[in-house]
Each structure stands twice: as C-alpha cells, then as structure tokens.
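First comes the structure, then the notes that go with it.
The values are calculated or read from the model by the stated rules, or taken from the named source; none is laboratory data. Everything quoted here is computed from the prediction, not taken from an experiment. For neighbour counting, all protein chains shown are included, and Cβ atoms are generated from backbone atoms with ideal geometry for every residue, glycine included.
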C-alpha cells in the first residue's frame, strides 16, 4: 500500500486498517500449490495500485453503518475482478507498460497472461462463494456479464469513426461503471442499508466510474507517460474513439474531420501533437472535462439523501480527486 | 443435439429430455441486449458437441435418486465452463479448426475470442449464483481454480522434454479431470447422496476425465482430421509432451530419443509419419491405451459401491465408449 500517496492517503485514513485486511484476504486467496503461480501473482500485485474500488466499498459501508469481514472479502473480490480485467486488457491492447512496469503479457507471453487473467477471475468467484448467501455472487456475476459486454461492444466498434457519444457511454457504463457501481452498492448492502440508500450508492458508483473512464481516456491522449505509468496513445492508434475524438469528429470542419478519420482508421499516421492540434480546434478536451465534471456532480448529488459524515465527505472528495487524478 | 449419434444417443436415452432442458437453460442464460453478442454465442453453441459433462452429471443424479431443476442448472453451468475453456484454448493453441468448423479466434480475431471466453465464464458463475445455496458455487470456483492451474502448469512446461509422467498426470487431473469429477460429484450431491457415495462419484469422474484426456492427446497424434473435427498435431508442433511422447522419450534408444527431442523443441521439423515411427519403436501408443484402460477400470470400480441400475450401467458404458471414441 506504500504506493498510495497524499491526498488519497489522507482520504483513506479512516479505512487504512480495513484496506490492509482487504489486501491480506486478496493475497491469501491467491496462494497456490505451485511456486511459479505464486510468482506470477506477485507480479500482478503491482496492478492493485490505488485500491480505489475496495476503498469506495469500505467507505460506502462506513457511511451506512459499520465495516465487517464481508466488506473485506468483497473488497478483495472486486479488486481481483478489476486486476483480472487489467491483465486481459493488456493482452488485448498489446500494452508495453502498466503502472510503470512491464505488463505480464510482454514478460510472460500472451498465453500466460490469458491464463493468469482466468486464474484471477476464477479465484474472485471462489472467494465470493465463501460468503454465507448468494446476494453478492449474483450481483458480481451480473456485473462481470456487463463488463464483458462493454468490452465486446468496444471491440466491435474499433475503427468505427461513426461511434456516437451515446454508444460510447453505453460502453463505458458497462466496462468501467458497472464495477464501481457494484462496489458501492455492496458496501451499502453489507452495512444493512435500506433499498433507497443502496440505489443511491449504486448511482454514485456508476457516475464515479463513468467520470473515471472519461479522465482515463483523456490521459491516454495528453498524459505524461512517467506520471500515468502506462503506455499512452494506445486508444488512438488502435482505432478506439473516446469522448474527445468523438466530439472533435462531430464538430470539426470537414478537413480536420477527414484527417482525424483517416488517422483513426490507420490510413495515415499522425503523432500526438497532430491529434492535440485537431482537438484544440473544437475545444474537445475542455468538453470532455466538462462532461466528467457533470458526472462528478451527479455522484455528489446521489449521496445527498444521507446525513453528512466523515465517510460521506471522503467519498465525494475521492470522486473530485479523480478529476485531477494521476491515479 | 442432432450431433449426438449412436452409440452415445442410446446411452443418453434416459436423459434425453433432461439434456434438452440443460440446453434450454444454457441458451437462456446467454441472451444479450446486443444482437452481435447473440451471434457470437450462436457460434459457440457448436462447441457444445456431445454434452458429455452434463450427461455425466444427470446420470449421476439418476443413479443416486432423481433429477431436479438444480441438475439442469448445474449441467448448463458445467458445460458453459467447458465451452469457455475451449474458446480460450483455441486462442492459446492458435487452432484453425474445432468440431469441423473454424474456431472463433480465426473468424473474429483473438481479442473477440478472449472476451467471448470471459463472457461465457462470467455467465457460468452468474447462472450458478441463481441456486439457493453456495455449495455448488464453492465447488465450481475450486474446480476452475484447478483448471487454470493445470493450464498454467502445462504452459510452463511447453518445450520441456524432461516432463515426467507424474507431472503430466498432475496437469491433466487439473485441466480435464477436475471438471468431470465435479460434474459427477454435483450430480450426486443434488440427488441427496451421502458423503461416501459423493466421493465415489468424484473418483469416477476424475478417472473418466483423465482417461478422456489421454485418448484426446492420442487422437491429436493419430486421428483422422475429418473424424476428430479439429486441428491435429498441435501438441507436438507446440512443444507439448503427452503420454505417448513422454513414454517414448523415456524408453527409446538414444538416437530416436534425440531426434524426438529436437523435433519437440522445434529445432528440426518432423511430420506425423516420423512421429508415428518413433512411437512404434517403443510401443508408446499401446502403452498410453493401456493406461487409459486402467483409468476406465478405476472409474468402473468406483461405482461398485452402488446397486446395479440402468443409470449406473449407462455411466460405465459411457466411460468405456470414451476409449474407442471419436467424440
């Protein structure tokens, strides 16, 4: 957890020991009979990064009541699902950097990376099945169904220069929003919150996840590699439209739109400087920022049915931090 | 189910309507909001093939008592896990044929195949979470953990010409045996069998799975492509030792062993005729057949604690059929 620095470390201060417990459960679940499997898992531990999803789950629990061992288990389950998607994403993206280090696929090969992702997802469900009832398992199954559908949809529209903004949101709600929504929902459910509060936490988590993905997509365009700690510009070179490029295509003059379209389709090569110039013409990065801010506003509103508390403040502060994040 | 022909169709006669119900539950679970996802799932339906695992589960249930809707659900879960592993295996093997048709990866690309495998495994757990308690989910989670470990272990030892027979068994017990064992165990559990009977069904399923994998590996060497309906000779060209090649390396004279070793390592190219000649020198295919027969014998013995019945006879007949199978 040494990687979690201020201001996030401060926002996590009330859940520090709970996050340590989540990490312990996570590690314990992945112990294998085979030392080389343990070595592979050691490598993915770095993917855990900022433990954002378990933190949301724990703080949702704290906001609604108290944190129990079910929260720790589910925090580990959610993070394991998240790490599994990162491992498979790296195979799909052919990324060459993740959290400042070489990803599994480029060190161990794509075969090991596919299998390791499968191993992680299997252990996530296995860990979840240790809980007494099926509520969480049902919700997590539905969530991973949605995540996979979002990824399939995104893959289907790779190189589709007509991708609409609404379809972009359908994709990111599933591929990113669903898991943060479920993290927050489970945090509330396990603290015994009533249905209305549970729904509010789901809305909160969904909006946070969507804002998170918009910012992540923007970082792919303009981030500094050493700060973001992963390969950049992959979306663009891979025919994947994100909010700024969708906005630019819809609003640029015919020449710029045609040039951007050709570059996305890989018919011409264009560097990041070129892309930034096109996006500046239509103010598309500012537009994407404003949409992300709107989602953060929705997230904040969703929690207003709850009385003010330190935990609630930490949740909204984390949501706001995301906007200026270098997570 | 039109693909299931005699003698298997006869052995399945008492569970025909149950297998139809398993197929219905399977199809219903995979319905997506997106027609293109349904189209992808239509393609994997062909992978269902002979529905061997659901058949074992249902017949185990019938042997111990009666078949309920839990059996149908779990039959669909087990088959979905199995199909998911086939889809990911095809990515890993870069196969160009599966059940007589092009596999997903070569038509839709590896990215879609990885995602589709993930989608199937997610739905398998989601479907499993519809059951009332966690017993099956716990067992299935532990089983998929073992399957992944088996696959990781196999991948680890690709090109390892020192792979021992005992490690080969460790691999196939996990990657194939675990799922057939769990299918049989769950069939018995859901019919209310006592612990000793449940254990016997697990042993039966494990032995059947191991025998099945030995025969499958032998078919890769000597099968006729049009009969087996998948790409052949992949194991050999991919540096994957199986029982006949392990036996040959251990028992051949130094010249043959060196030639086989070089071919497995990809240092020299050798056709199937060459491989068959080397294996003939040490009678290694006959040896592998005898080991598979030994496992079928163990499977038969495991069920001897049960009174004779039509369902029990069907189970042992299916186990024996596997040896001369062209599944």
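For segment B:100-119, name all the residues that are modelled with pLDDT of 85 or more and more than 9 Å from every other protein chain (Cβ to nearest Cβ). Answer for segment B:100-119, where residues must be modelled with pLDDT of 85 or more and more than 9 Å from every other protein chain (Cβ to nearest Cβ): just B:113. Residues in segment B:151-170 that are more than 10 Å from chain A (Cβ to nearest Cβ) and either under 19 Å from residue A:84 (Cα atoms) or not in a loop (DSSP other than H, G, I, E, B) (or both): 5 in all.
If you check A:60, A:142, A:137 for being at pLDDT 95 or above and more than 9 Å from chain B (Cβ to nearest Cβ), only one passes: A:60.
Working only within segment A:126-141, note down all residues that are assigned to a helix (DSSP H, G or I), in contact (Cβ under 8 Å) with a residue 24 or more places away in the chain and more than 16 Å from the chain's Cα centre (by Cα). Matches in segment A:126-141: A:126, A:127, A:128, A:135, A:136, A:139. Only a single item in (1) facing chain A (nearest Cβ under 9 Å); (2) surrounded by 24 or more Cβ atoms within 10 Å (Cβ to Cβ); (3) modelled with pLDDT of 95 or more is not met by residue B:127, and it is number (2).
A residue that is surrounded by fewer than 20 Cβ atoms within 10 Å (Cβ to Cβ), in contact with a helix residue (DSSP H, G or I) (Cβ under 8 Å, 6 or more places away or on another chain), at pLDDT 90 or above and not in a helix (DSSP H, G or I) occurs nowhere in segment B:88-99.
Looking at segment A:211-327, what helices (runs of 4 or more DSSP H) fall wholly within it and have at least 3 residues that are at pLDDT 90 or above?
Qualifying helices (runs of 4 or more DSSP H): A:243-251, A:254-264, A:272-281, A:284-302, A:310-323.
Applying the condition of being outside any helix (DSSP H, G or I) and without any contact (Cβ under 8 Å) to a residue 24 or more places away in the chain to segment B:15-48 and asking which residue is nearest to residue B:197 (Cα to Cα) yields B:31. Condition check for residue B:77 on (1) over 21 Å from residue A:125 (Cβ atoms); (2) within 13 Å of another protein chain (Cβ to nearest Cβ); (3) part of a helix (DSSP H, G or I): one failure, at (1). Evaluate the following for residue A:192: is it closer than 18 Å to residue A:50 by Cβ, modelled with pLDDT of 95 or more and touching a helix residue (DSSP H, G or I) at 6+ places or on another chain (Cβ under 8 Å)? Against the criterion (closer than 18 Å to residue A:50 by Cβ, modelled with pLDDT of 95 or more and touching a helix residue (DSSP H, G or I) at 6+ places or on another chain (Cβ under 8 Å)), residue A:192 does not qualify.
When residue B:199 is tested against (1) within 16 Å of the chain's Cα centre (by Cα); (2) more than 14 Å from every other protein chain (Cβ to nearest Cβ), just one condition goes unmet, and that condition is (1). For segment B:17-54, the tally of residues that are more than 14 Å from chain A (Cβ to nearest Cβ) and touching a helix residue (DSSP H, G or I) at 6+ places or on another chain (Cβ under 7 Å) stands at 12.
When segment A:177-196 is examined, which residues are found to be in a helix (DSSP H, G or I) and surrounded by fewer than 21 Cβ atoms within 10 Å (Cβ to Cβ)? Once the filter is applied, which keeps residues that are in a helix (DSSP H, G or I) and surrounded by fewer than 21 Cβ atoms within 10 Å (Cβ to Cβ), segment A:177-196 yields A:195, A:196. Taking the stated definitions as given, is residue B:122 part of a loop (DSSP other than H, G, I, E, B) and facing chain A (nearest Cβ under 10 Å)? So residue B:122 fails the test.
Evaluating residue B:173 against the criteria (1) modelled with pLDDT under 95; (2) more than 9 Å from every other protein chain (Cβ to nearest Cβ) leaves one unmet condition, (1).
Residues in segment B:49-68 that are under 23 Å from residue B:196 (Cβ atoms) and part of a loop (DSSP other than H, G, I, E, B): B:65, B:66, B:67, B:68.
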